[in-house]
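What follows is one structure encoded as structure tokens, with my remarks underneath.
The values are calculated or read from the model by the stated rules, or taken from the named source; none is laboratory data. Predicted, not measured: the structure shown is a model, and the values here were computed from it. Because the Cβ atoms are built from the backbone with ideal geometry, glycine has one as well, and the counts that use them run over all protein chains shown.
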Amino acid sequence: MTDQQQISNEFEDRKKKVGDLRETGVQPYPDRFERTHTLAEAKALGEDGEVRELEIIGKSPREDVRVCGRLMLVRSHGKLTFARLQDHTGQLQICFMKDVVGEDVYKMLKKIDVADFLGATGEFFVTRHGELTVLVKEFQLLGKTLRPLPEKFHGLKDREAMYRQRYLDLLTNEETRERFMFRTRLITAMRNYLDSHNFVEVETPILTSVASGAAAKPFETHHNALDIDMFLRIAPETYLKRAIVGGFDRVYEFAKCFRNEGIDPSHLQEFTMLEYYGSYWNFEDNMTFTEQFLSQVIQEVAGDLKVELMDRDGNKELIDFTPPWPRLHFTEIIEKDCGIQVLDFYGDADGLRAAIKKAGIQIEKMDTMGYGNLCDALYKKVSRPKLIQPCFVIRHPVDTKPLARRSDDDERLADTFQLLVNTWEVVNAYSELVDPADQRERLERQAAAKASGDEEAMPMDEDYLKAMEHGMPPMSGWGLGVDRFVALLTNQDNLKDTVLFPLMKPE
């Protein structure tokens, strides 16, 4: 018999049990159960309280706890049946004794299967093997499951199946559950820190008429009611800055973003970004805040500032997040790593392209790239793979950051920084460009590059320029890819392992 045939047979068997239960007056899908404790809370109660002997409990069982969860294991031994319940807090063993629940009720256990939801009332005893267990006085079926769980004792192992049926991955793999709880704790810690430093959480549009906020290829759609083409946002930046124009001092958003890029383990087309902006800061103020912010969050959720992570080759690296973090100049590290000083070709995409080719460096699609994207691609090729310990890469060419403020001491550079950890870009930040004339000039260059075939260049955004012309204070902010940060801190080599329900091509 094939695995598929076996699953089909069990499916039909469980459907029959549903009918049998209904015929005996048992509702297989009741509407509620009054729980007194989660399984972890119940276990703590049993460990802290007095536990009576099983013989005494059997004669006069109490109702100390009312617990519920999914059955993960059932073992029958004649007049005794042991089972294991699981909820979001953990697992707990329960025991059905024929003499306690009664013969008719005990027979009902034959209609109960692994993966069913069950509620149980009883009190604790300790088994001969020393395991704290609830002796069930009464129980109730809370949800009959029609499909069996995969590989009962080993959990879901096939990676694609984990993504397609994440609910089974969560159910059978404790490591997966803990990873997503880690993600939740991380976001909570970030939100709490920002709230405590006078940031205000806001929401901005996902559906936009202009694909702005970052250099990337957008997803396009059509708005039928307005009969206009629209885009899924690339980043919330320009709208968060509009909020600053409107009088907010510090704002942030946990934003769903979309980029119509190629599929690989380090990029998601739909991802979560934390983006914030602080008025009256420059990029150096922001770097100092970033060190304090992220080091405290990591200490809180990981328990230590020294974290063992895996590098791109699977080797262990001890990463020390203790601030301060080194500050490296973008153009200087590129020159050190490949001999090309990109500022020598400032604004000259053809010249820089020729120098890259002369150096024997291969960059995909570089013949269609503008100067800014060429600089960025060269850095990612020759320098970023060498950056392991936390560091800031600062002062990027202006054309790589079309929304960043131009440096006062060198108009070719912008007041920018990126946070790199274990070769991963964690944060992208700068002193924001608040000069509307400068912004218009740069967006015009970006629009020209887009017209020449650079799909990732930014378009003109007249509405944003109008907002800028109403006045912006000095400010600095950044965007952090939450999925990527979780992957980094939990040693995942594929961002899909940090997203509950990643996008998959239909089977």
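Regarding Arg166, is this residue farther than 22 Å from Tyr430 by Cβ, touching a residue at least 40 places away in the same chain (Cβ under 8 Å) and assigned by TED's automatic domain parsing to the domain that holds Leu480? In short, no. Counting only helices (runs of 4 or more DSSP H) that sit wholly inside the range 1-102, those with at least 3 residues that are touching a residue at least 12 places away in the same chain (Cβ under 8 Å) and either surrounded by fewer than 11 Cβ atoms within 10 Å (Cβ to Cβ) or under 37 Å from the mean Cα position of the chain (by Cα) (or both) are 3-23, 39-48.
This table checks each residue for (1) under 24 Å from Val251 (Cβ atoms); (2) in the same structural domain as Leu419 (by TED's automatic domain parsing); (3) not in a helix (DSSP H, G or I).
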{"residue": "Lys450", "(1), (2), (3)": "no, yes, no"}
{"residue": "Asp454", "(1), (2), (3)": "no, yes, yes"}
{"residue": "Met458", "(1), (2), (3)": "yes, yes, yes"}
{"residue": "Asp463", "(1), (2), (3)": "yes, yes, no"}
{"residue": "Lys466", "(1), (2), (3)": "yes, yes, no"}
{"residue": "Ser476", "(1), (2), (3)": "yes, yes, yes"}
{"residue": "Ala487", "(1), (2), (3)": "no, yes, no"}
{"residue": "Asn491", "(1), (2), (3)": "no, yes, yes"}
{"residue": "Met504", "(1), (2), (3)": "no, no, yes"}
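Of everything in the range 262-297 that's within 22 Å of the chain's Cα centre (by Cα) and charged (D, E, K, R), which residue is farthest from Arg242 (Cα to Cα)? Per the stated criteria, the residue is Asp264.
Taking the stated definitions as given, is Ser476 in contact with a strand residue (DSSP E or B) (Cβ under 6 Å, 6 or more places away or on another chain) and not β-branched (Val, Ile, Thr)? Criteria met by Ser476. As a summary of the residue check, Ala437 satisfies the conditions (1) surrounded by fewer than 14 Cβ atoms within 10 Å (Cβ to Cβ); (2) modelled with pLDDT under 90; (3) of a type in the set (A, V, I, L, M) except for the one numbered (2). In the condition set (1) farther than 30 Å from Tyr239 by Cα; (2) outside any helix (DSSP H, G or I); (3) not assigned by TED's automatic domain parsing to the domain that holds Thr89, Asn198 is compliant with all but (1). Can we say Leu480 is touching a residue at least 12 places away in the same chain (Cβ under 8 Å) and either part of a helix (DSSP H, G or I) or not assigned by TED's automatic domain parsing to the domain that holds Thr288 (or both)? So Leu480 fails the test.
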